[in-house]
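The values are calculated or read from the model by the stated rules, or taken from the named source; none is laboratory data. Nothing here was measured: the structure is a model prediction, and the numbers come from that model. A quick note on method: Cβ atoms are made from the backbone with ideal geometry, for glycine too, and the neighbour counts reach across all protein chains shown. Just so you know, the surface numbers come from the protein's heavy atoms only, side chains and all, with ligands and any DNA or RNA stripped out. Shrake-Rupley method; radii C 1.70, N 1.55, O 1.52, S 1.80 Å.
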Amino acid sequence: MTTTAAPPPALRTPRRKRRARIDDRGWLFVAPFAIVFALVFLAPLVYSIYLSLFREQLIGGNAFVGLDNYIAAFQDEKFWDGLIRVAVFLVIQVPIMLVLALGAALAIDSARLHASSFYRIVIFLPYAVPAVVAVLMWGYIYGDQFGLAGNINQLLGSEVLQPFIPQWMLLSIGNIVTWQFVGYNMLIFYSSLKTIPGELYEAASIDGAGAWRTIFSIKIPAVRGAVVIATIFSIIGSFQLFNEPNILKPLAPNTISTFYTPNMYAYNLSFAGQQYNYAATIAIIMGLITAIIAYVVQLRGSRQEAR
């Protein structure tokens, strides 16, 4: 039995260790976004959390109080009043808006609607109107003493339309938000409908599926992801409700209070009450609530898509 002798150490070929070279040039492209993101998002967020842990006191100035501000917020009736109000607004307004947007998208996508491009522009046009201008316009329409509602009441000889009374105020705001964002959500749904392969429609037509069968079996399942995205955006917008009630407040001072929504409450605490620490606490709590609910909706939507 022969054995091959190992080469002497001097003749062995040295193995060079190859180090993975990291290309740092990618950071040059990411750096502008990272810097802006840190300055306009991370830094204010960290500072808000820092403020929420302190409280301005008559003696001692700004003192560290830990989670006392958060405990006080959860015991604050004004905060709960605004939070319940935006929750009711979310439960009622968002489904109505999304159903209208989906119906408009399906109608425009169908081949039976003539001049679909015109209707698409008309429905989307309210979203292009600045929010402040839209609210002022609707505030004039709602005016029961000077606006369209007042003219109709004068014509009928009674006060049938009173959009600024407490019982109707939330519905009046919901109508403004729906008018503004139906077109935006319609465009999301319509874009998703355009990604459906034409072969699916041909197969459905061969199988004898009618228009309604095609909608419920092909189109609506195909836009499920878009519905989840639109729902998340709508949830965030509902909890951030501020412009509409804040602009309408001078027209309905007895109906819209300074704590009508949590965002209005935080705004007035900060700029009118000089309670920056407590205002930061309200903002952090609302951010957490919004993030949790949006995450739950996204998680549930992802699971349904996976089935």
_Built amide H within the under 5 Å cut-off of PHE54, gap 5+_ = VAL65
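Compute the signed sum of charges (Lys and Arg +1, Asp and Glu -1) over the other residues within less than 11 Å, Cβ to Cβ, of ASN268.
Working: positive: LYS78, LYS249; negative: none.
Net of charged neighbours comes to +2.
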*Put one equal scatterer on each alpha carbon of the stretch 135-245, apply the Debye formula with no solvent term, and list log10 I(q)/I(0) at q = 0.09, 0.10 1/Å to two decimals.*
-0.44, -0.51
*Grab the DSSP H runs of the chain that are 4 residues or longer, score each as -39,500 (n - 2.57), total them, divide by all residues and round the 222 nm result to the nearest 500 deg cm²/dmol.*
-21000 deg cm²/dmol
*Taking a temperature of 25 °C and a viscosity of 0.890 mPa s, what whole-number D in µm²/s does Stokes-Einstein yield for the stretch 196-298 with Rh from Kirkwood over alpha carbon pairs?*
144 µm²/s
_Helix 262-271 against the longest principal axis of the chain: what's the angle in degrees, Cα atoms only, rounded to the nearest 10?_
90 degrees
*Step through the residues of the stretch 233-246 one at a time and calculate ³J(HN,Hα) from phi using the Karplus curve (6.51 cos²θ - 1.76 cosθ + 1.60, θ = phi - 60°), rounding each to whole Hz and writing x for Gly and Pro.*
4, 5, 4, 4, x, 5, 6, 9, 4, 8, 4, 4, x, 5
*Using Cα centres only, tell me the gap between the stretch 135-181 and the stretch 272-300 in whole Å.*
31 Å
*State log₁₀ I(q)/I(0) for the stretch 253-292 at q = 0.22, 0.30, 0.35 Å⁻¹ as given by the Debye formula over alpha-carbon point scatterers of equal weight, solvent excluded.*
-0.66, -0.94, -1.08
*Gaussian network model of the chain, Cα springs within a sub-10 Å range: biggest mean-square fluctuation belongs to which of VAL86, VAL297, VAL182?*
VAL297
*asked:* Counting only protein heavy atoms and a 1.4 Å probe, tell me what percentage of the stretch 158-234's accessible area is made up of carbon and sulfur.
replied: 65 percent
*asked:* So if the hydrodynamic radius of the stretch 174-213 is defined as the Kirkwood radius over C-alpha pairs, what does Stokes-Einstein give as its diffusion coefficient at 37 °C and 0.692 mPa s, in µm² per second?
replied: 266 µm²/s
*With θ set to phi - 60°, apply the Karplus curve 6.51 cos²θ - 1.76 cosθ + 1.60 along the stretch 146-160 and write out the HN-Hα couplings as whole Hz, x wherever there is a Gly or Pro.*
9, x, 4, 4, x, 5, 5, 4, 5, 5, 7, x, 8, 9, 6
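Obtain the radius of gyration and the Kirkwood radius of the chain from its C-alpha atoms and give Rg over Rh.
On the way: Rg = 28.6 Å, Rh = 24.2 Å.
That ratio is 1.18, to two decimals.
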*In the Gaussian network model of the chain, springs joining C-alpha atoms below 10 Å, which of ALA134, ALA101, ALA111 carries the largest mean-square fluctuation?*
ALA111
_Ranked packing of 71-84, 155-168, 248-261, most packed first, by mean Cβ within 10 Å_ = 248-261, 71-84, 155-168
*Quickly work out the ILE165-to-TYR140 label distance, labels modelled 7 Å from Cα along the C-beta direction, and quote it in nm with one decimal.*
2.6 nm
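Given a 1.4 angstrom probe, what's the average accessible area per residue across the chain, in square angstrom? Walk me through the numbers on the way to the answer.
Values: 20250 Å² over 307 residues.
It amounts to 66 Å² per residue over the chain.
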*asked:* If DNA, RNA and ligands are ignored and the probe is 1.4 Å, what is the ranking of TYR119, TYR142 by accessible area, most exposed first?
replied: TYR119, TYR142
*Using a Gaussian network model of the chain whose springs link C-alpha atoms within less than 10 Å, name the residue from GLY208, GLY139, GLY225 with the highest mean-square fluctuation.*
GLY208
*Given H placed 1.01 Å from N in the peptide plane, which residues other than close sequence neighbours of ILE196 have an amide H under 5 Å from its amide H?*
none
*Would you list, by chain and number, the aspartates and glutamates whose Cα falls below 18 Å from the Cα of LYS194, excluding same-chain residues fewer than 8 positions away?*
ASP109, GLU202
*Contour minus end-to-end for ALA272 and ILE71, with contour as 0.36 nm per residue of separation and end-to-end as the Cα-Cα distance?*
70.1 nm
*asked:* Can you compute 3J(HN,Hα) from phi for each residue in the stretch 44-52, using the Karplus curve 6.51 cos²θ - 1.76 cosθ + 1.60 with θ = phi - 60°, rounded to whole Hz and x for Gly and Pro?
replied: x, 5, 4, 5, 5, 4, 4, 5, 5
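Compute the orientation-averaged projected area for the stretch 64-142 from the convex hull of its Cα atoms and round it to one decimal in nm². Don't jump to the answer; show the numbers that get you there.
Numbers: hull surface 36.4 nm².
Result: 9.1 nm².
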